[in-house]
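Here's the structure, in structure tokens; my notes come after.
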Amino acid sequence: MIRQLKQPSAPVNGQGSDPSVRAAVEAIIAAVSERGDAAVRDYSVKFDAWDRADYRLTRKEIMECVSELPARAIEDIKFAQEQVRNFAQKQRECLVDLEVETRPGVILGHKNIPVGSVGCYVPGGKYPLLASAHMSVITAKVAGVDRIATCAPPYKGKPAAAIVTAQHLAGADEIYCLGGVQAIAAMAVGTETIRPVDMLIGPGNAFVAEAKRQLFGRVGIDLFAGPTETLVIADETADGEICATDLLGQAEHGPDSPAILLTTSEVLARQTMEHIERLLTILPTAAHAEKAWRNCGQVIVCDSDEEMIAEADRIASEHVQVMTKDPDLFLNRMRNYGSLFLGARTNVAYGDKVIGTNHTLPTLGAARYTGGLWVGKFIKTCTFQKILTDEASVEIGEYCSRLCMLEGFAGHAEQANIRLRRLGQKNIPYAQAAE
């Protein structure tokens with residue numbers, strides 16, 4: 001039986017967008033589509049107080065940003081990027097082209113073709129999220145994307161040095177200091193100075209998420225992203241302070257970030273809640289984390305591991321951290337999650353920043369039907385077919401002719417029939433099925 005020791009005090013965001021957000025985004029996209037760079041500049045000045053004739057950073061400006069960082073910070077960025085690159089390359093090796101003879105003379109196959117260009121958005125308003133540069137740019141590079149443009153907003157009135165450095169070291173071809181919906185729109189529809197891309201990726205606030213939603217179809221996207229979510233699954237073997245730390249560590253993203261403890265131990269549940277109250281008095285980001293915990297935090301007690309697995313699959317959280325005596329049970333049995341973090345030695349922050357897996361993950365229940373960002377998101381698996389012999393064409397054609405007429409598609413049937421007449425000497429009246 002499931003018991004809730006703490007319920008959220010505010011409703012968790014659903015899939016729909018706020019009407020005011022939707023209308024504001026529609027207006028910005030329309031303006032950028034109509035007025036190009038002029039509209040981009042107007043909105044950049046309005047929302048970020050950031051005015052430039054050209055928002056693309058020069059080589060000199062990029063290197064100045066790199067020079068602002070201490071050597072240790074650059075080494076740390078390079079280490080994180082190496083982990084992301086290594087794992088992405090292993091994923092890419094799993095994607096192989098295929099060519100197979102399915103029947104005598106019939107060749108079918110597929111090729112894995114990277115998209116031509118990608119626009120990567122790196123948030124930087126509240127926190128300069130340089131890790132998003134690793135996750136997007138490097139993964140696209142490993143996939144084989146030819147052109148990668150990046151946008152990040154100014155931070156405290158200038159380009160965010162850490163973000164720019166991460167974008168540069170990751171291999172971005174074009175780096176723009178530009179934020180918000182105007183950046184997303186510029187990359188998607190193009191302006192006089194920014195060429196449009198084929199695909200948009202990267203997290204952002206509600207306005208950025210809505211812009212990607214509205215532009216989907218004109219360009220591809222990675223995911224419809226909502227607030228960061230974390231689910232900690234723990235039993236009596238877990239440590240309450242670690243559980244509390246890991247919940248608040250993700251709650252600091254913002255006031256609408258769900259943080260949920262799912263446990264079979266009521267003792268652990270109450271210890272965790274006590275530690276959360278204590279940590280909120282000393283955590284530097286408590287202003288954000290406390291709102292998230294009060295608004296969206298939950299503590300759920302279950303009777304068994306099986307009950308926790310079922311409840312975790314129902315929640316379908318973005319991040320799922322498992323601290324139980326048998327974490328692999330959850331790896332083997334769970335179906336709905338963005339990424340699993342198994343055992344107390346790892347945690348979501350490792351995945352967010354450095355361990356190598358991609359941190360762009362499904363939220364708002366989307367883990368029921370999709371995984372997160374990986375090299376495969378940038379690759380189109382495109383099929384091909386060829387027939388090598390007259391006999392094979394006739395065999396397939398006879399089936400095709402009859403099936404087309406069964407559906408009433410006479411023109412489709414004639415595509416088969418003309419080959420049956422010429423290659424197989426078949427006497428088939430026009431627009432009739434083969435016998």
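The values are calculated or read from the model by the stated rules, or taken from the named source; none is laboratory data. The structure displayed is predicted, hence computed values, not measured ones. Don't worry about glycine lacking a Cβ; one is built from the backbone with ideal geometry, like all the others, and counts go over all protein chains shown. Surface accessibility is based on the protein's heavy atoms, side chains included, excluding ligands, DNA and RNA. Shrake-Rupley method; radii C 1.70, N 1.55, O 1.52, S 1.80 Å.
If residue 8 satisfies every condition in (1) surrounded by 17 or more Cβ atoms within 10 Å (Cβ to Cβ); (2) assigned to a helix (DSSP H, G or I) but one, which is the exception?
In the conditions (1) surrounded by 17 or more Cβ atoms within 10 Å (Cβ to Cβ); (2) assigned to a helix (DSSP H, G or I), residue 8 misses (2) alone.
Would you be able to tell me the number of residues in the stretch 229-254 that are hydroxyl-bearing (Ser, Thr, Tyr) and either in contact with a His (Cβ under 8 Å, 6 or more places away or on another chain) or buried (at least 24 other Cβ atoms within 10 Å of the Cβ) (or both)?
Total meeting the criteria: 2.
Checking the condition within 30 Å of residue 109 (Cβ to Cβ), open to solvent by 30 Å² or more (accessible area, probe 1.4 Å), assigned to a loop (DSSP other than H, G, I, E, B) and at pLDDT 95 or above, which residue from 370, 381 passes?
Unique residue meeting the criteria: 370.
Can you name every residue in the stretch 389-430 that is in a loop (DSSP other than H, G, I, E, B), exposed (fewer than 13 other Cβ atoms within 10 Å of the Cβ) and more than 45 Å from the chain's Cα centre (by Cα)?
Selection gives 425, 427, 429, 430.
Which residue is modelled with the lowest pLDDT, if the candidates are limited to the stretch 10-43 and must be touching an Asp or Glu at 6+ places or on another chain (Cβ under 9 Å) and among the polar types (S, T, N, Q)?
13
Those residues that are within 25 Å of residue 109 (Cα to Cα), without any contact (Cβ under 8 Å) to a residue 24 or more places away in the chain and not hydrophobic (A, V, I, L, M, F, W, C), I need them from the stretch 384-413; list them, please.
399, 412
Which helices (runs of 4 or more DSSP H) sit wholly inside the stretch 144-218 and have at least 3 residues that are β-branched (Val, Ile, Thr) and either touching a helix residue (DSSP H, G or I) at 6+ places or on another chain (Cβ under 9 Å) or open to solvent by 10 Å² or more (accessible area, probe 1.4 Å) (or both)?
In the stretch 144-218, 161-170, 180-189 are the helices (runs of 4 or more DSSP H) which contain 3 or more residues that are β-branched (Val, Ile, Thr) and either touching a helix residue (DSSP H, G or I) at 6+ places or on another chain (Cβ under 9 Å) or open to solvent by 10 Å² or more (accessible area, probe 1.4 Å) (or both).
Looking at 303, 328, 352, can you tell me which residue is in a helix (DSSP H, G or I), out of contact with any strand residue (DSSP E or B) (no Cβ under 8 Å at 6 or more places or on another chain) and not small (Gly, Ala, Ser)?
After applying the criteria, what remains is 352.
For the stretch 98-107, state whether one or more residues are outside any helix (DSSP H, G or I) and of a type in the set (Lys, Arg).
Yes, there is a match, as at least one residue in the stretch 98-107 is outside any helix (DSSP H, G or I) and of a type in the set (Lys, Arg).
Confirm whether residue 268 is crowded, with 17+ Cβ neighbours inside 10 Å and either part of a loop (DSSP other than H, G, I, E, B) or touching a residue at least 40 places away in the same chain (Cβ under 8 Å) (or both).
no
Residues of the stretch 21-37 being open to solvent by less than 50 Å² (accessible area, probe 1.4 Å) and closer than 17 Å to residue 187 by Cβ, which ones?
If the condition is that a residue be open to solvent by less than 50 Å² (accessible area, probe 1.4 Å) and closer than 17 Å to residue 187 by Cβ, then 25, 28, 29, 30, 31, 32, 36, 37 are the ones that fit.
Of everything in the stretch 42-80, what is of a type in the set (Phe, Trp, Tyr) and outside any helix (DSSP H, G or I)? Give them in sequence order.
Matches in the stretch 42-80: 50, 55.
Going residue by residue through the stretch 127-143, is there one that turns out to be open to solvent by 10 Å² or more (accessible area, probe 1.4 Å), over 17 Å from the mean Cα position of the chain (by Cα) and closer than 17 Å to residue 163 by Cβ?
Yes, the stretch 127-143 has at least one match.
Taking the stated definitions as given, is residue 225 under 21 Å from the mean Cα position of the chain (by Cα), within 27 Å of residue 72 (Cβ to Cβ), part of a loop (DSSP other than H, G, I, E, B) and among the aliphatic types (A, V, I, L, M)?
It is false that residue 225 is under 21 Å from the mean Cα position of the chain (by Cα), within 27 Å of residue 72 (Cβ to Cβ), part of a loop (DSSP other than H, G, I, E, B) and among the aliphatic types (A, V, I, L, M).
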